[in-house]
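Asks: Just dropping this structure here.
The values are calculated or read from the model by the stated rules, or taken from the named source; none is laboratory data. Given the structure is predicted, the values throughout are model-derived calculations rather than measurements. With ideal geometry, Cβ positions are generated from the backbone for all residues, glycine too; neighbour counts draw on all protein chains shown.
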Number of protein chains: 6
Amino acid sequence: MPSRTPIEYRDASPKVRAVFDDIKRTRQVEDVNNFWKYLAHDPVTLKRTWDSVKQVMAPGALDVLTKEMVYLAVSVTNGCGYCIASHGAAARKAGMTEAMFGDLMAVVGMANETNRLANGYRVPIDAAFDR
Amino acid sequence: MPSRTPIEYRDASPKVRAVFDDIKRTRQVEDVNNFWKYLAHDPVTLKRTWDSVKQVMAPGALDVLTKEMVYLAVSVTNGCGYCIASHGAAARKAGMTEAMFGDLMAVVGMANETNRLANGYRVPIDAAFDR
Amino acid sequence: MPSRTPIEYRDASPKVRAVFDDIKRTRQVEDVNNFWKYLAHDPVTLKRTWDSVKQVMAPGALDVLTKEMVYLAVSVTNGCGYCIASHGAAARKAGMTEAMFGDLMAVVGMANETNRLANGYRVPIDAAFDR
Amino acid sequence: MPSRTPIEYRDASPKVRAVFDDIKRTRQVEDVNNFWKYLAHDPVTLKRTWDSVKQVMAPGALDVLTKEMVYLAVSVTNGCGYCIASHGAAARKAGMTEAMFGDLMAVVGMANETNRLANGYRVPIDAAFDR
Amino acid sequence: MPSRTPIEYRDASPKVRAVFDDIKRTRQVEDVNNFWKYLAHDPVTLKRTWDSVKQVMAPGALDVLTKEMVYLAVSVTNGCGYCIASHGAAARKAGMTEAMFGDLMAVVGMANETNRLANGYRVPIDAAFDR
Amino acid sequence: MPSRTPIEYRDASPKVRAVFDDIKRTRQVEDVNNFWKYLAHDPVTLKRTWDSVKQVMAPGALDVLTKEMVYLAVSVTNGCGYCIASHGAAARKAGMTEAMFGDLMAVVGMANETNRLANGYRVPIDAAFDR
């Protein structure tokens, strides 16, 4: 089952190596994370995903720290263990303090709670929100 | 089925009115949203939820705008129609521009995609993330 | 697009009518809900689903009211609008008071919140829970 | 990364110890679960969450056993490993027999199935449910 | 709130028109769906999303019909009303019969049920699956 | 906690053995997976679930390979670790190549992304999809 093992740089095809090189250059890291080493089993998806992540996570109308915290909030909501670990690390690297992490988790928890209260009470959307 | 209609201020008990008054004062609004008018069927949950939301959404290590955008990101991930409408409005009121909204949605979409790629490829957590 | 319209009793095949008859007899109702009228486009799934629901929702180690409230809790968590409406009605028919509904929503909301706090803080399972 | 280790009682601040003491007293236990030891990194969220859980899970219109089973049903639906383990233990402590657990899982499974059938067949809400 | 209205071709910028033109040419349609008209508020996300969808949904190791049915299965699981409607239509256009739709829904329902049974019973992964 | 250990054939009741025998015969395997050994704690749910899975996963309007890939797509979307492992193995056994797996994951990822874009932009359903 080939997709169950990571593809290391030394074993990668030129196409995969080109993506790995761009990740390492862009993020200033020695090696790429497991996510990319497993995705390398599908070089087309690897390249498209990296190109998209690179574009989406670059500073724009929102700064990198805010983007990483939003990524983490989504990953926590979905319960993706790998993503919580990797984007938790990325958010901290981008400047998230433990106090900010605490605030972030409090908001994520509260949103998940009130989402269900709104569902359960079948609350209709206020006309003001549709103007 | 009493919980299927909103409780307006004029029909509310003193306990519910006290919460409505605090919401209006804190948020500087003329009337409370439907969410609170439906939750008013359970005054204990109404009070606890408002007290929690008030504490969690106050400026802290994260500012109000960031908190509202995270709330929106979670609501979009869960597909809660009411919450997307109400917290979209709240985030805009707190200063979210359309460019920031665009960036936010791009990150939310990308995170939901890569969360599933990590699941599907069964990617193990890098040792570096657990240090 | 045939599956976009309900199949009424008068237009149903004998196989579908047999299931409709059993639903009406078991639940003591005049007509079946839309759920069954749409599912009738696939008579095999209609029969299997009804047979399963009938078995699962019958009184057993848990009574009917508890089962309907659990069904509602799941539907609220998943944000299924139809299911929230139909199982909210079914739970009330089985004896759920508004006070019980309020308690139920409070627990559902809290569970959805703490589920994410446990995810986000990456809490390891206590040894005691695995004994 | 401080939030990646539990905070034990002996290392806790007075504010955290006060919450731990109340948990131990209320639940009649020797030590608190990992959930609280990790949440202790944010004493404000720790206190608010415990106060809310204590209020929500106390006997009311629903008894403790029903509440714990609903909590478990939500956790299973969300796939929260920690919460399934901890609330599975809590429900059993509150009196859930293996037969009741079996019934609970059967309902949770069925609800998750029919939620998607209702979504997929795009079933409109029956007028009777909105009366 | 500009993002709450669709952007029609006649009002679109050249950058947006170029994407709309490519969608119409690729799919052989007169007009693009609402999804693209709303996404047009963020031309960068519009272009990236269309380029990705175009690449991912083209025939490859899987044919177009299978891809559309998988898309529909995911949308039904997530409860995305818009996506269920649009990809239901796309799958039918690609050749999905009502019998195939019935089979698809049966599998989606069953998978959502057994996913929760596996969660609830805390079933450990068989060694054979990791080989 | 009895439900925390698998029930092996040698320890199983006649009712459970009959289901295990049918699984082994139908799937031509030496032993059943852990899923069935844990579900065996509730013989009624074991039998109903197996009968349903056997019916649903048999070749029909969709072939076995397509059904297994849809099952996997749902499991990846829900983040069910056990189900991803077991149905990943089942899909490969039914003929899914690594190239097909790559395509499948690309579609699953894209659908999860666009589901949230549709939610966030609050895209109304096109009239054409309701005809």
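Asks: From the list D:ALA106, D:ALA111, D:ALA73, which residue is closer than 25 Å to A:ALA106 by Cα, modelled with pLDDT of 95 or more and in contact with a Leu (Cβ under 9 Å, 6 or more places away or on another chain)? Before the answer, list the steps.
Replies: Working: D:ALA106 fails: closer than 25 Å to A:ALA106 by Cα; D:ALA111 fails: closer than 25 Å to A:ALA106 by Cα.
Criteria check complete, one pass: D:ALA73.
Asks: Which condition from (1) under 17 Å from the mean Cα position of the chain (by Cα); (2) within 20 Å of D:ASN78 (Cα to Cα) is the one that E:GLY120 breaks?
Replies: It is condition (1) that E:GLY120 fails.
Asks: Under 8 Å by Cβ, and 6 or more places apart or on different chains, what pairs join a residue from the range E:86-115 that is farther than 13 Å from E:ALA73 by Cα with one that is part of a helix (DSSP H, G or I) and of a type in the set (Val, Ile, Thr)?
Replies: Sorted first by the residue in the range E:86-115, then by its partner, the pairs are E:ALA94/E:VAL64; E:GLU113/F:THR49; E:THR114/F:THR49; E:THR114/F:VAL53; E:ASN115/F:VAL74.
Asks: Look at the range A:72-131 and say how many of its residues are of a type in the set (A, V, I, L, M) and under 12 Å from C:ARG116 (Cα atoms). Steps first, answer last, please.
Replies: Step one: filter the range A:72-131 for residues of a type in the set (A, V, I, L, M), giving A:72-74, A:76, A:84-85, A:89-91, A:94, A:96, A:99-100, A:104-108, A:110-111, A:117-118, A:123, A:125, A:127-128.
Cutting the leftovers down to under 12 Å from C:ARG116 (Cα atoms) gives us A:72-74, A:76, A:84, A:104-108, A:110-111.
Number satisfying all stated conditions: 12.
Asks: So which of E:THR49, E:THR45, E:THR5 is surrounded by fewer than 20 Cβ atoms within 10 Å (Cβ to Cβ), among the hydroxyl-bearing types (Ser, Thr, Tyr), within 22 Å of B:GLY79 (Cβ to Cβ) and away from chain C (no Cβ under 14 Å)?
Replies: Working: E:THR49 fails: surrounded by fewer than 20 Cβ atoms within 10 Å (Cβ to Cβ); E:THR45 fails: surrounded by fewer than 20 Cβ atoms within 10 Å (Cβ to Cβ).
Result: E:THR5 is the single residue among E:THR49, E:THR45, E:THR5 that is surrounded by fewer than 20 Cβ atoms within 10 Å (Cβ to Cβ), among the hydroxyl-bearing types (Ser, Thr, Tyr), within 22 Å of B:GLY79 (Cβ to Cβ) and away from chain C (no Cβ under 14 Å).
Asks: Counting only residues that are aliphatic (A, V, I, L, M) and in contact with a Cys (Cβ under 6 Å, 6 or more places away or on another chain), how many does the range D:76-131 have? Give the derivation first.
Replies: We begin by selecting, within the range D:76-131, every residue aliphatic (A, V, I, L, M); these are D:76, D:84-85, D:89-91, D:94, D:96, D:99-100, D:104-108, D:110-111, D:117-118, D:123, D:125, D:127-128.
With in contact with a Cys (Cβ under 6 Å, 6 or more places away or on another chain) added as a condition, the list becomes D:118.
Matching residues across the range D:76-131 total 1.
For every residue, the table says whether it meets (1) more than 30 Å from B:ILE7 (Cβ to Cβ); (2) at the interface with another protein chain (Cβ under 7 Å from one of its Cβ atoms); (3) hydroxyl-bearing (Ser, Thr, Tyr); (4) crowded, with 23+ Cβ neighbours inside 10 Å.
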position	(1), (2), (3), (4)
A:ALA58	yes, no, no, no
A:ASP103	yes, yes, no, yes
A:ALA106	no, yes, no, yes
A:GLY109	no, yes, no, yes
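Asks: Scan the range E:12-50 for residues that are acidic (Asp, Glu) and farther than 24 Å from E:ILE84 by Cα and jot them down. Quick ask: steps written out before the conclusion?
Replies: In the first step, residues of the range E:12-50 are kept if they are acidic (Asp, Glu); the result is E:21-22, E:30-31, E:42.
If the condition is that a residue be acidic (Asp, Glu) and farther than 24 Å from E:ILE84 by Cα, then E:ASP21 is the only one that fits.
Asks: Restricting to the range E:28-42, give me the number of residues that are free of Cβ contacts under 8 Å to residues at least 12 places away in the same chain and either within 14 Å of chain B (Cβ to nearest Cβ) or basic (Lys, Arg) (or both).
Replies: In the first step, residues of the range E:28-42 are kept if they are free of Cβ contacts under 8 Å to residues at least 12 places away in the same chain; the result is E:28-30, E:39, E:42.
Those still in the list that are either within 14 Å of chain B (Cβ to nearest Cβ) or basic (Lys, Arg) (or both) too: E:39, E:42.
Qualifying residue count, the range E:28-42: 2.
So that you can scan it fast, the table gives a plain yes or no per residue for (1) closer than 28 Å to B:GLU98 by Cβ; (2) out of contact with any Lys or Arg (no Cβ under 7 Å at 6 or more places or on another chain); (3) not β-branched (Val, Ile, Thr):
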site	(1), (2), (3)
E:LYS24	yes, yes, yes
E:VAL32	yes, no, no
E:LYS37	yes, yes, yes
E:THR45	yes, yes, no
E:ARG48	yes, yes, yes
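Asks: While we're looking at this one, here's another question. Residue under question is B:LEU62, and the condition is that it be aliphatic (A, V, I, L, M) and within 14 Å of chain E (Cβ to nearest Cβ); does it hold?
Replies: For B:LEU62, the condition - aliphatic (A, V, I, L, M) and within 14 Å of chain E (Cβ to nearest Cβ) - is not met.
Asks: Next question. Could you give every pair whose Cβ atoms fall below 7 Å, whose first residue belongs to the range F:15-27 and is free of Cβ contacts under 8 Å to residues at least 12 places away in the same chain, and whose second residue is surrounded by 14 or more Cβ atoms within 10 Å (Cβ to Cβ) and not in a helix (DSSP H, G or I), counting only separations of at least 6 or pairs across chains?
Replies: Within 7 Å, the pairs are F:LYS24/F:VAL32.
Asks: Of everything in the range E:23-46, what is farther than 27 Å from A:PHE129 by Cα and touching a Phe, Trp or Tyr at 6+ places or on another chain (Cβ under 7 Å)? Give them in sequence order. Outline the logic, then answer.
Replies: Step one: list which residues in the range E:23-46 are farther than 27 Å from A:PHE129 by Cα, which gives E:23-31.
Residue satisfying the conditions is E:ILE23 alone.
Asks: So, one more: Go through the range F:1-29 and count every residue that is more than 20 Å from the chain's Cα centre (by Cα) and assigned to a loop (DSSP other than H, G, I, E, B).
Replies: 6
Asks: Let me ask you something else. Filter the range E:85-101 down to the residues that are surrounded by fewer than 22 Cβ atoms within 10 Å (Cβ to Cβ) and touching a Ser or Thr at 6+ places or on another chain (Cβ under 8 Å) and list them by number.
Replies: Passing the criteria: only E:GLU98.
Asks: Could you please tell me which pairs satisfy a Cβ distance under 7 Å, a separation of 6+ or placement on different chains, a first residue in the range E:119-131 that is under 26 Å from D:GLY102 (Cβ atoms), and a second residue that is β-branched (Val, Ile, Thr)?
Replies: E:ASN119/D:VAL76; E:ASN119/D:ILE84; E:GLY120/D:VAL76; E:GLY120/D:ILE84; E:GLY120/D:VAL108; E:ARG122/D:ILE84
Asks: List the number of the failed condition for C:CYS80; all other conditions in (1) out of contact with any Asp or Glu (no Cβ under 9 Å at 6 or more places or on another chain); (2) within 9 Å of chain B (Cβ to nearest Cβ) hold.
Replies: (2)
Asks: A further question on this structure: When you go through (1) surrounded by fewer than 19 Cβ atoms within 10 Å (Cβ to Cβ); (2) away from chain D (no Cβ under 12 Å); (3) not small (Gly, Ala, Ser) one by one for F:MET69, which number turns out not to apply?
Replies: (1)
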